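Q: Structure in structure tokens, see below.
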Amino acid sequence: MTDTTPAETTIPAETSPATGGASRTAAVLVIGNEILSGRTQDVNVRMIATKLAPAGIRLIEVRVVPDVEAEIIDAIHALEAKADYVFTTGGIGPTHDDITAEAVSKAMGVPLIRHPEAERRLKAYYPPDKLTEARLRMANTAEGATLIDNPVSIAPGFRIGKVHVLAGVPQIAAAMMDNVVPTLEGGAVTRAVTLVVDGAEGEIAQRLGEVQDRHPTVEIGSYPAFRGGKPSVSLVLRGTDDTQLAAAEADLCAVLAEMAVPVLFREGN
């Protein structure tokens, strides 16, 4: 089952240059009762998003479902309809509640099989007295799937159609993603600029909305926080066109200066 470490509190700005063309999209399906119970804190979503961003693939939705086959299947169908790529995490281990492979197979309308190459890898990795039937379950994939290499603990993930089935353990999931990303077709890379300003969000909300209206191709987000006990706001501008992003930033800076709202610092290119 999924095992994770505490999540970090900030996400680095995306700073790769735009490449042109439409962005690709992705969705993540986190599978596991332990996530929903609060016993385990997910960190894979952040990892997946940050590995996809430089390739011009934007994460647009995340769902968390329990170890229930019908809910996994429904979620896969819903996310497939929205995103170019779907990533599942968790539920491909050796225990009875690791049911992701079965659920993905049913969602894709194909049988569950014992993948010959996956089985070969497990047999080569484990001594005969350690290769239990439970461990051999980790060689089960949807029929027609392509394996995703696992350099950490050998048991592979798999890809079928637009669905990529990853482990839940963060170290393994990250290693799998390193193998997956080069195989994906990317798009325009999103750059981000962050302006951290001194003041309360409510004081700038109306004017911020006006700036957004003038620059519809740039996404402007507002994220309030407290620094040294005083309110501050991180204003994050995201876009795939450098010229439009620079114009939106210049407009926002002019508005902030007009309102006498200090910019504490700036991040991004």
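The values are calculated or read from the model by the stated rules, or taken from the named source; none is laboratory data. Small disclaimer: the values here were computed from a predicted structure and weren't measured. Because the Cβ atoms are built from the backbone with ideal geometry, glycine has one as well, and the counts that use them run over all protein chains shown. These accessible areas exclude ligands, DNA and RNA; they are computed on the full protein's heavy atoms, side chains included. Shrake-Rupley method; radii C 1.70, N 1.55, O 1.52, S 1.80 Å.
Q: Does any residue in region 242-267 that is closer than 14 Å to residue 222 by Cβ and assigned to a helix (DSSP H, G or I) come within less than 7 Å, Cβ to Cβ, of a residue that is modelled with pLDDT of 95 or more and charged (D, E, K, R) six or more places away or on a different chain, and which pairs are these?
A: As it stands, the answer is 255/207, since those pairs meet every condition given.
Q: Six or more apart or on different chains, Cβ atoms under 7 Å: show the pairs whose first residue is in region 109-127 and over 24 Å from residue 162 (Cβ atoms) and whose second is assigned to a helix (DSSP H, G or I).
A: 119/136; 119/139; 122/135; 122/136; 122/138; 122/139; 126/135
Q: Being over 22 Å from residue 41 (Cβ atoms), open to solvent by 60 Å² or more (accessible area, probe 1.4 Å) and in a loop (DSSP other than H, G, I, E, B) narrows it down to one of 96, 77, so name that one.
A: None of the others qualify; the one that does is 96.
Q: Any idea which of (1) open to solvent by 70 Å² or more (accessible area, probe 1.4 Å); (2) under 18 Å from residue 157 (Cβ atoms); (3) modelled with pLDDT under 95 is the one residue 2 doesn't satisfy?
A: It is condition (1) that residue 2 fails.
Q: Still on this structure, please answer the following. How many of the residues making up region 123-138 are open to solvent by less than 50 Å² (accessible area, probe 1.4 Å) and over 28 Å from the mean Cα position of the chain (by Cα)?
A: 4
Q: What are the residue pairs meeting all of these: first residue in region 208-222, first residue without any contact (Cβ under 8 Å) to a residue 40 or more places away in the chain, second residue loosely packed, with under 13 Cβ neighbours inside 10 Å and in a helix (DSSP H, G or I), Cβ atoms under 9 Å, and 6 or more apart or on different chains?
A: 220/209; 222/205
Q: Quick check on my filter: what residues within region 49-74 are outside any helix (DSSP H, G or I) and closer than 24 Å to residue 183 by Cβ?
A: Across region 49-74, the qualifying residues are 56, 57, 58, 59, 60, 61, 62, 63.
Q: Moving on. For region 116-164, how many residues are under 12 Å from residue 92 (Cβ atoms), in a loop (DSSP other than H, G, I, E, B) and among the hydrophobic types (A, V, I, L, M, F, W, C)?
A: Residues that pass the stated criteria total 2.
Q: Is it the case that region 185-192 has a residue that's open to solvent by less than 20 Å² (accessible area, probe 1.4 Å), within 17 Å of residue 79 (Cβ to Cβ) and either in contact with an Asp or Glu (Cβ under 6 Å, 6 or more places away or on another chain) or not in a loop (DSSP other than H, G, I, E, B) (or both)?
A: Scanning region 185-192 turns up no residue that is open to solvent by less than 20 Å² (accessible area, probe 1.4 Å), within 17 Å of residue 79 (Cβ to Cβ) and either in contact with an Asp or Glu (Cβ under 6 Å, 6 or more places away or on another chain) or not in a loop (DSSP other than H, G, I, E, B) (or both).
Q: For region 26-46, give me the residue count where each residue is surrounded by fewer than 19 Cβ atoms within 10 Å (Cβ to Cβ) and under 26 Å from residue 187 (Cβ atoms).
A: Total satisfying the criteria: 3.
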